[in-house]
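Engineer: Handing you this structure, nothing more for now.
The values are calculated or read from the model by the stated rules, or taken from the named source; none is laboratory data. Here the structure is a predicted model, which means the values were calculated and not measured. Cβ: placed from backbone, ideal geometry, glycine included. Neighbour counts: every protein chain shown. Side chains are part of the model used for accessible areas, which takes the heavy atoms of the whole protein and leaves out ligands, DNA and RNA. Shrake-Rupley method; radii C 1.70, N 1.55, O 1.52, S 1.80 Å.
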Amino acid sequence: MAPGPTPRPPDLRRAEAARRGGRLAEAEAIYRARLVEAPDDPRALHGLAIVALQTGHPGPAAGLLQRAAARGATADLLVDLGLALGLVGDRASAIAAELRAVELDPRHAQARYNLACDLQAENRLAEAIAQYRHATRLAPGHVDAWNNLAQALVAAGEIAEGLAAFDRAERLAPADAALAGNRLLALHYDPGRSPAAIAAEHRRWGERHVRPAPPLRHLNPPDPDRPLRIGFVSPDFCRHPIGWFVTGPLAHRDRARFHVTAYSSRRAEDDLTAAIRGLVDRWRPVAGLDDGALAAQVRSDGIDILVDLAGHTMGNRLGAFARRPAPVQATWLGWIDTTGHPAIDWCIADRIEAPPGEEDRFTERVIRLEGGAMCYAPPADAPATVAPPLTRGAAPTFGCFNNLSKVNARVVALWARLLAAVPAARLLLKSKALGDPAVAGAMAARFAAHGIDGDRLILEGRSPHGEMLARYGDVDVALDPFPYSGGLTTVEALWMGVPVVTLAGDRMVARQTAGFLDTLGRTEWIAPSGDAYVATAAALVADRAGLSAARAGQRARMAATPLVDGARFTPMLEAAFRAMWQDWCRRQAPG
């Protein structure tokens, strides 16, 4: 008879049983005892490393796994090594370990998946997509692989394929609210989806994923004129669009009438986080709280109006809102649409984004700010504006610095028409995804299909914020994508003096730029049709004197409007909060 496999030492079997049962201290003791007897036992090293990972110690885990790998690497061991290395920030070594795992076992779905995640983190988007596809073929029920494949495809501008992957993931995990929220975001990038269809999808999300909260009596005194406690909930109090849009209102609020608590779901912080913390009355770090604990904290703090600043984006706390911890709940800034959430009462917008007559698209009541729905706080170190490049001897240059997910086939076709109408012009596209040469090549091919040579395109990846703003000095006219228009990207272009041409849209996300331009008094840059879009952009670069004059005066013009002037904007936001509160107070009165 052929010899059977060598049995594992009993102590290691007990260690593994203890680890799987969550008795980590017991498992660790057994593994360490084994390593006293056999310091290089790869199974004990591997098991102890897994315990270290489970207890939040990836550095020691990586060292143990490297020792084990030196004695004989397996695909499973290398997958764990890659995980540990990624957690300590050594992404290149993590990718190397995962590539070895795939070489040893090409059918190891988790190795493919982990490799894809690390490649995506390094902005090697095309390679990540290929590995996610491998993972889904090898493990068709791997929900996370389908979800991440979908997000990677959307990031690369492949919207239809991304939505198909989201659909597959949602069929596998119909109860996953976050996954369904990711899909809702992707729907906004699809020019083929009608506003009514997207509204219906949001309602479906609310019906499927939000359990009605039990009746709760709020003890907040229903005095319509008393000072109010406002709570803002966000994972993005940092150098993020939310950070730049919330800073001005916080700095200019009436502190005697509005007490503000910030509930931050973000662990990593930056200089803008510190600035925002200094502008609020109370700072609550809540990343470590589950939704129930967060809701309890909000109730304990006596918040009158709780404001969601994330919608369905990553790190949101919509689950806490479902528990109705505050008598009035609203959404603002983070989700440019209805949330579909039955426990959110109000959506803060303006008359351009959400004009009267479209209330049926919202599960919330819409309250409109007269001076626009957003207020931008420009960075103090923003570069100075410069003259348009075409007045400095350069070819006319159009540009767009929006995420590539917004640049769909219809956008490419219209921009190709513009380049055909202005034969000397170039197009500068700048986004994180274009830092991947394969993605940049695919974008060039999309334009080539419309007869636009690659030498007329400048395709760039991400750069530090200050350098990105300075790059607007090489753009004559910015082009807004559709149906998902620019938000922060638009106001940054405008602050750098660059005109922005937008297509009048039929939904809230398509009207952000139009709202900014209306506030700025530049409605002539809002095109009612594709033909008008091309004509408007072409006319701007044909009028050098007009372009120079607009650029020279644009910052001062913006600074005098509520789009930038927080002292003008904030009273309108506060009036909206007061109206929401008084509405609730009226409904508490007997009869």
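Engineer: Go through 497-507, 22-32 and give me the packing order, highest mean Cβ count within 10 Å leading. Intermediate results must be reported in sequence, preceding the final value.
Structural biologist: Details: 497-507: 22.8, 22-32: 17.0.
Result, highest mean first: 497-507, 22-32.
Engineer: Report the one residue of 546, 477, 572 whose Cα lies farthest in the direction of the positive end of the charge dipole of region 448-591 (charges on C-beta: Lys and Arg +1, Asp and Glu -1; origin at the Cα centre).
Structural biologist: Looking along the dipole axis, the top candidate is 572.
Engineer: What nm distance separates the two modelled labels at residue 588 and residue 88, each placed 7 Å from Cα along Cα→Cβ?
Structural biologist: 5.5 nm
Engineer: Could you give the length gained by full extension between residue 449 and residue 291, i.e. 0.36 nm per residue of separation minus their alpha carbon distance, to one decimal place?
Structural biologist: Computed gain between residue 449 and residue 291 is 52.0 nm.
Engineer: Provide the FRET efficiency to the nearest 0.05 for the residue 160-residue 38 pair, computing r from the beta carbons and using R0 = 45 Å.
Structural biologist: Efficiency, from the Cβ-Cβ distance: 0.25.
Engineer: Give the angle, between 0 and 90 degrees and rounded to the nearest 10, that separates the Cα long axis of helix 195-209 from the longest principal axis of the Cα atoms of the chain.
Structural biologist: Compared with the principal axis, the helix lies near 40 degrees.
Engineer: Quick check: residue separation of residue 568 and residue 71 times 0.36 nm, minus the Cα distance between them. What number comes out in nm?
Structural biologist: Fully extending the segment from residue 568 to residue 71 adds 172.1 nm.
Engineer: Right, another one. Which whole-angstrom value gives the distance between the alpha carbon centres of region 171-226 and region 527-579?
Structural biologist: 32 Å
Engineer: Something else: Ignoring ligands, DNA and RNA, please state the percent of accessible area on region 443-591 from carbon and sulfur, probe 1.4 Å.
Structural biologist: Working: 2970 of 5450 Å².
Its accessible area is 54 percent carbon and sulfur atoms.
Engineer: Something else: Relative to the present Cα-Cα distance, how much length would full extension add between residue 387 and residue 282 at 0.36 nm per residue of separation?
Structural biologist: The residue 387-residue 282 span can extend by a further 33.4 nm.
Engineer: Ignoring ligands, DNA and RNA, please state the percent of accessible area on region 37-96 from carbon and sulfur, probe 1.4 Å.
Structural biologist: Carbon and sulfur together cover 54 percent of it.
Engineer: Could you please state, rounded to a whole Å, how far the C-alpha centre of region 86-150 is from the C-alpha centre of region 35-72?
Structural biologist: 22 Å
Engineer: Let me ask something additional. I'd like the FRET efficiency for residue 351 and residue 11, computed as 1/(1 + (r/R0)^6) with the beta carbon distance as r and R0 of 56 Å, rounded to 0.05.
Structural biologist: So, using R0 = 56 Å, E works out to roughly 0.20.
Engineer: Would you mind putting 212-219, 278-285, 366-373 in packing order, based on average other-beta-carbon counts within 10 Å, highest first?
Structural biologist: Details: 212-219: 9.8, 278-285: 15.5, 366-373: 20.4.
Result, highest mean Cβ count within 10 Å first: 366-373, 278-285, 212-219.
Engineer: At a 1.4 Å probe, what is the % contribution of carbon and sulfur to the accessible area of region 239-278?
Structural biologist: Roughly 52 percent of what the probe reaches on region 239-278 is carbon or sulfur.
Engineer: If you don't mind, there's one more thing I want to ask. Which whole-number value in Å² is the accessible area per residue of the chain, probe 1.4 Å?
Structural biologist: Values: 24070 Å² over 591 residues.
Per-residue value: 41 Å².
Engineer: If R₀ is 30 angstrom, what is the calculated FRET efficiency for the pair residue 456 and residue 529, using the beta carbon separation as r and rounding to 0.05?
Structural biologist: Values: r = 24 Å, r/R0 = 0.80.
For residue 456 and residue 529, the calculated efficiency is 0.80.
Engineer: Between residue 201 and residue 370, how many nm apart are label points set 7 Å from Cα along the C-beta direction?
Structural biologist: Output for this residue pair reads 3.7 nm.
Engineer: So for the chain, averaging the separation of alpha carbon pairs under 8 Å that are six or more residues apart and normalising by length, what relative contact order in percent results?
Structural biologist: Answer for the chain is 11 percent.
Engineer: Between residue 270 and residue 552, what is the label-to-label distance in nm when each label sits 7 Å out along the Cα-to-Cβ direction?
Structural biologist: 3.4 nm
Engineer: Gap in Å between the Cα centre of region 337-395 and the Cα centre of region 15-33?
Structural biologist: 54 Å
Engineer: Could you grab the relative contact order for region 125-276? Cα pairs under 8 Å, six or more apart, rounded to a whole percent.
Structural biologist: Details: 137 pairs, mean separation 23.4, N = 152.
Relative CO of region 125-276 lands at 15 percent.
Engineer: Angle, helix 437-448 long axis vs. longest principal axis of the chain, Cα atoms, 0 to 90°, nearest 10?
Structural biologist: It is inclined by approximately 40 degrees.
Engineer: I'd like the orientation of helix 75-87 relative to the chain: the angle between its Cα long axis and the longest Cα principal axis, in ° from 0 to 90, rounded to 10.
Structural biologist: Roughly 40 degrees, rounded to the nearest 10.
Engineer: Same structure again: Given the peptides 189-202, 51-64, arrange them by the average over their residues of other C-beta atoms within 10 Å, most packed first.
Structural biologist: 51-64, 189-202
Engineer: May I ask what percent, to the nearest 5, of DSSP beta bridges between residues of region 145-286 are antiparallel?
Structural biologist: The antiparallel fraction comes to roughly 0 percent.
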